[in-house]
Each structure stands twice: as C-alpha cells, then as structure tokens.
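In what follows, a single structure is set out as structure tokens and then discussed.
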Amino acid sequence: MSRTRVEQHPGAAAAGGTGLLVAVGLGMVFLLFIAFLNVVKGGDLLNESNLLYIALIFYSGASALYISFGVSGAERYVRFASIATAVGFVANTFAAGHRWYIAGHPPFANIYEMLLSFVWTIAALTLVAERKYAVKVIGSVTMPLAVTGVILMQLLPSTVRPLVPALQSTWLHVHVTLAMLAYAACALSFALALMFLIKDNMKTETFLAITSGMVTAVYIGALTRFERWGGLSVVAWDAQNKEEIMVQKGVRLMVTIPDLGWLFVLVLLASAAPLVIYLLAKTRKQESLLLVANRALFVSIAMQVVTLGAFVLRVKNAAYPSLDAEGLYPTSLAASPFILSGLIAGIFASLLYLMLFWRRGDLERLLPASDALDRITYKTIGIAFPLLTLMIAAGAYWANRTWGSYWSWDPKETWAAITWLVYAGYLHMRITRGWRGRRAAYFAILGFAVVMFTFFGVTYLLPGLHAYA
C-alpha cells in the first residue's frame with residue numbers, strides 16, 4: 001500500500017516536536033502534583049499505592065512519548081521515553097520492595113502481586129533491550145503492556161492477607177519467580193518479533209489485518225457476557241469486604257447492565273470491518289479498498305474510546321438486577337478488571353498501528369538490522385524456555401508435596417504445558433529445520449498469545465486449583 005510522504009521543514013518538525021514534548025511533560029507534572037496533594041492530605045508518602053501511581057504516570061508518559069514519536073517523527077522522544085521508563089522502573093522497584101516488606105514474603109502470592117513482579121520485569125528487560133541491543137523503540141510495545149498491567153493492578157484486591165496453606169512454601173517463591181521471568185522474556189520476544197516483521201518489510205496492511213483481528217478477539221471475549229436482550233453481565237461486588245459476591249462456593253453472582261451489550265456488538269462489528277475489507281481487497285485485488293480499511297480503523301478507534309468510557313461510567317459504583325437473585329446488587333470496575341484491561345489493550349494496539357502507518361520509515365531507521373532482531377528474538381526465547389521448563393518442574397514438585405500429585409490437569413497446568421510446547425516447537429524448528437525470519441517471528445508471537453491466555457484468560461475463564469493466580 002503506497003502513501004504519499006509529506007516532506008516537512010526541519011525547523012517545523014522540531015517546533016512541533018517540542019510542543020508535544022512540553023504537552024506530555026506538563027501532563028505528567030500535573031498528575032504528579034495531584035499525587036503530591038493526595039500525599040499531603042493523607043500524610044503517608046512512601047506507600048505502595050503512591051509508588052505504583054508514580055510508576056503508572058511515568059510508564060504512561062513513556063507510552064505517550066513513543067506514540068508522539070509516531071506522530072511527529074522526533075527521535076528525541078525515544079530518549080525521553082527511555083528516561084521515563086527508567087524512572088517508572090525505580091518507582092515500581094520500591095513498590096515491589098514495600099509489598100515484600102509489609103507482606104513478609106516476596107510479591108508472588110496472588111495475581112495482584114504476580115502482576116507487580118511481571119510489570120517490573122518487563123520494564124527491566126525493556127531497558128536492557130534498549131541499551132544493550134539498541135532496539136530503541138521496543139518500549140512502544142512493552143510500555144503499553146506495562147501500563148495495562150498497572151491499571152489492572154489498581155482494580156485487583158491488594159489487601160495483604162495470610163497465605164493459604166498451599167502457598168506457605170519456599171517453592172512458591174521459586175515457582176513464581178521462574179514464571180514471571182519467563183513470561184516477561186516471552187513478552188520481550190513478542191515485541192522483538194513485531195520489530196523484526198517491520199524491519200523485514202512486512203506490508204503495512206498486513207499489520208492492519210492483525211490489529212483488527214486482535215481487537216475483534218478482545219470484544220468476542222467480552223461478549224461471552226452478552227445477554228440476549230442486549231445487556232452485558234458483570235460480577236457483583238461487595239465494596240465493604242472488597243471481594244466478589246458469591247452465590248455459592250465457586251459460583252459468582254452476575255448482574256446485567258442494560259443495553260451495554262449492544263454497544264459492544266457495534267464495536268465488535270466496527271473492529272472486524274478493517275479485517276473484512278482487507279480480505280476483500282486481497283480477494284478482488286483492489287488496492288483502493290485498503291484506504292477504506294484504514295478509515296474503518298479510525299472509526300473503530302473512536303468507537304473503542306466511547307465504549308471504554310461507557311463501560312467505566314456504567315460499571316463504576318453502580319447497582320443492577322441479577323438473574324440469579326432478587327433485588328439490585330452493586331458492581332465496580334474492580335469486579336471486571338480483565339474486561340477493562342482488554343478494552344485498554346485494544347486501544348493501545350490500534351494506536352500502535354497508527355504509529356506504524358504514519359511513521360514506518362522513521363521506525364525502520366531506528367531499528368537494528370532484521371538479522372540482528374531475529375538473533376535477539378532467538379536469544380530471548382533461549383532464555384525463556386529453560387525458565388518455563390524449570391517453572392513447570394518446580395510447580396510439579398511443589399504440587400506433589402502439597403496435594404500428593406505431580407500433575408492434576410488443572411487448567412493453569414494444562415495451558416502452561418501448551419505454552420512450553422509452543423516454545424519447544426519454536427526451538428525445535430529453528431535448530432533442526434533452520435527456521436529463520438518470518439516463520440520464527442510468527443511462532444514467537446503465537447507463543448506470547450498463549451502466555452497471555454495462560455496468565456489472564458485461564459484465571460478469567462477457567463478457574464481451578466490456581467484460582468488465586
């Protein structure tokens with residue numbers, strides 16, 4: 001797909017770049033000032049919530065600077081984004097240390113603490129990749145992941161509670177440490193694989209189709225809660241105890257938000273439209289349809305933003321009827337963290353595509369050679385795979401000591417094994433068949449998709465013995 005590049009005077013570009021940099025900087029300063037006022041009011045400076053809020057501000061600033069680079073083409077944004085990532089990482093480190101101190105154990109006991117460690121590791125590996133391997137824009141993928149993770153943490157129960165008997169083991173620390181390191185390495189390999197595909201001249205419209213498919217998948221997942229009359233079911237929330245309301249053990253009470261399901265259906269159709277138009281363009285060999293597909297993506301982004309706002313306003317501190325019990329029951333964003341994070345992730349993915357669409361040439365210039373990216377991806381997976389192997393082995397040994405069985409085919413165990421098999425397949429095909437380039441990159445992307453389902457999807461859709469994680 002060809003696009004006409006508009007040449008811009010260097011002085012104009014610099015001026016525009018300075019304006020965006022100042023706007024992002026002022027936004028971060030304003031949010032930090034609000035945080036400072038809250039600290040003065042509350043009187044507690046170095047608590048976990050404040051530290052995570054600071055980390056969120058700087059991670060968000062880093063993401064905004066990467067996207068601003070996509071708008072302006074000013075390469076200095078990448079340098080400032082790296083600095084913002086480093087500051088956010090420091091705040092994230094203190095937050096993890098604070099959690100460890102008050103809990104009396106490493107932050108690995110529940111999904112909130114695992115996310116805390118996961119985001120910390122992603123930020124650390126992003127800085128390593130930028131400095132050691134000169135993949136300067138890898139944060140454009142990893143920082144939105146970090147932002148989504150921190151936002152999700154704000155909604156999850158964070159109260160420090162005594163460990164259940166199954167978690168009172170040193171093997172918890174070993175198992176989860178290995179898991180978080182492995183998953184973060186998988187996230188890095190995913191970002192590197194995307195960078196490789198950009199450098200390897202994969203067509204921009206192919207990225208359009210992938211983005212459309214991903215956002216569509218998010219809304220298909222959310223619409224598993226769709227009710228036939230157009231409502232959307234969410235979990236009822238006990239604000240006083242900060243936990244889900246249960247009908248009985250293992251069964252959550254669901255409430256229905258009227259008409260919100262129809263809005264999700266409309267966004268699903270809008271998100272799928274670019275993919276459908278792309279397929280029509282390829283089938284009919286009409287390149288002009290690709291311009292229509294890009295316009296459809298702009299419509300999709302606008303509708304995603306509206307839907308995110310509607311979801312937040314309708315779910316936050318409201319009460320709705322339930323099919324399972326009489327009366328109105330409260331709900332909260334904390335009761336639907338995975339839906340919210342999915343909506344945010346869809347918007348981030350769409351904005352990253354726009355960055356590619358507008359500034360592909362600038363992006364390619366900032367990336368190492370495709371062969372170097374392919375090798376770094378391989379090295380990263382070469383680190384992740386042994387960690388995954390040791391994670392599963394440590395988990396099996398721990399399970400045998402706790403439950404008397406090495407393997408029980410719990411959903412989390414099953415999907416961990418599937419993740420291991422995907423990355424084993426990557427290494428096998430690379431070593432024995434010499435797979436390089438795009439086929440290897442596709443494998444790395446598939447592997448990370450399975451990792452995300454194992455980490456979040458299983459917890460959301462397939463609860464089992466690992467319900468706490």
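Taking the stretch 181-232, which residues are within 30 Å of residue 113 (Cα to Cα), surrounded by fewer than 22 Cβ atoms within 10 Å (Cβ to Cβ) and of a type in the set (S, T, N, Q)?
The initial filter retains those residues of the stretch 181-232 that are within 30 Å of residue 113 (Cα to Cα), namely 181-195, 211, 214-225, 232.
Narrowing further to those that are surrounded by fewer than 22 Cβ atoms within 10 Å (Cβ to Cβ): 181, 214, 217, 220-221, 223-225.
224 - this is the single residue of the stretch 181-232 that is within 30 Å of residue 113 (Cα to Cα), surrounded by fewer than 22 Cβ atoms within 10 Å (Cβ to Cβ) and of a type in the set (S, T, N, Q).
Can you pull out every residue in the stretch 416-442 that is open to solvent by less than 60 Å² (accessible area, probe 1.4 Å) and either without any contact (Cβ under 8 Å) to a residue 24 or more places away in the chain or outside any helix (DSSP H, G or I) (or both)?
Listed by number, the residues that qualify are 425, 429, 434, 435.
From the set of residues in the stretch 380-411 that are part of a helix (DSSP H, G or I) and of a type in the set (S, T, N, Q), which is least open to solvent (accessible area, probe 1.4 Å)? I'd like the intermediate steps shown before the answer.
First pass over the stretch 380-411, keeping only residues part of a helix (DSSP H, G or I): 380-403, 411.
Still in the running and of a type in the set (S, T, N, Q): 380, 389, 400, 402.
Details: 380: 15, 389: 54, 400: 47, 402: 57 Å².
Only one residue tops the list, namely 380.
So which of 468, 442 is under 23 Å from the mean Cα position of the chain (by Cα) and either at pLDDT 80 or above or within 16 Å of residue 387 (Cα to Cα) (or both)? Write out each step before concluding.
On the way: 468 fails: either at pLDDT 80 or above or within 16 Å of residue 387 (Cα to Cα) (or both).
None of the other options fit; the residue is 442.
Give the stretch 358-379 a look and list any residue that's open to solvent by 20 Å² or more (accessible area, probe 1.4 Å) and either closer than 23 Å to residue 177 by Cα or part of a helix (DSSP H, G or I) (or both), or say none.
358, 359, 360, 361, 364, 365, 370, 371, 372, 375, 378, 379
How many residues are open to solvent by less than 70 Å² (accessible area, probe 1.4 Å), in a helix (DSSP H, G or I) and without any contact (Cβ under 8 Å) to a residue 24 or more places away in the chain if we restrict to the stretch 237-279?
1
Looking only at the stretch 30-72, count every residue that is assigned to a helix (DSSP H, G or I), open to solvent by 60 Å² or more (accessible area, probe 1.4 Å) and either at pLDDT 80 or above or touching a helix residue (DSSP H, G or I) at 6+ places or on another chain (Cβ under 7 Å) (or both) and tell me the total.
4
What residue, among those in the stretch 73-95 that are open to solvent by 30 Å² or more (accessible area, probe 1.4 Å) and not hydrophobic (A, V, I, L, M, F, W, C), is nearest to residue 124 (Cα to Cα)?
93
Tell me which residues, restricted to the stretch 218-231, are on the phi < 0 side of the Ramachandran plot and outside any helix (DSSP H, G or I).
Of the stretch 218-231, the ones on the phi < 0 side of the Ramachandran plot are 218-229, 231.
Residues satisfying the conditions are 226, 227, 228, 229, 231.
Among the residues of the stretch 97-128, which ones are more than 17 Å from residue 57 (Cβ to Cβ), of a type in the set (Gly, Ala, Ser) and buried (at least 22 other Cβ atoms within 10 Å of the Cβ)?
Selection gives 109, 117.
If only one of 215, 234 is assigned to a strand (DSSP E or B) and under 24 Å from the mean Cα position of the chain (by Cα), which one is it?
Working: 215 fails: assigned to a strand (DSSP E or B).
Only one candidate passes the filter, namely 234.
Would you call residue 177 open to solvent by 20 Å² or more (accessible area, probe 1.4 Å) and either more than 19 Å from residue 378 (Cα to Cα) or in a helix (DSSP H, G or I) (or both)? Reasoning before the result, please.
Working: open to solvent by 20 Å² or more (accessible area, probe 1.4 Å): yes; either more than 19 Å from residue 378 (Cα to Cα) or in a helix (DSSP H, G or I) (or both): yes.
The answer is yes for residue 177.
Could you list, in sequence order, the residues of the stretch 292-329 that are touching a residue at least 60 places away in the same chain (Cβ under 8 Å), outside any helix (DSSP H, G or I), open to solvent by less than 60 Å² (accessible area, probe 1.4 Å) and not hydroxyl-bearing (Ser, Thr, Tyr)?
318, 319, 325 - these are the residues of the stretch 292-329 that are touching a residue at least 60 places away in the same chain (Cβ under 8 Å), outside any helix (DSSP H, G or I), open to solvent by less than 60 Å² (accessible area, probe 1.4 Å) and not hydroxyl-bearing (Ser, Thr, Tyr).
The values are calculated or read from the model by the stated rules, or taken from the named source; none is laboratory data. All values derive from a computational prediction rather than experimental measurement. Glycine also receives a Cβ, built like all others from the backbone with ideal geometry; neighbour counts cover every protein chain displayed. Note: accessible area is taken over every heavy atom of the protein model, side chains too, but ligands, DNA and RNA are not part of it. Shrake-Rupley method; radii C 1.70, N 1.55, O 1.52, S 1.80 Å.
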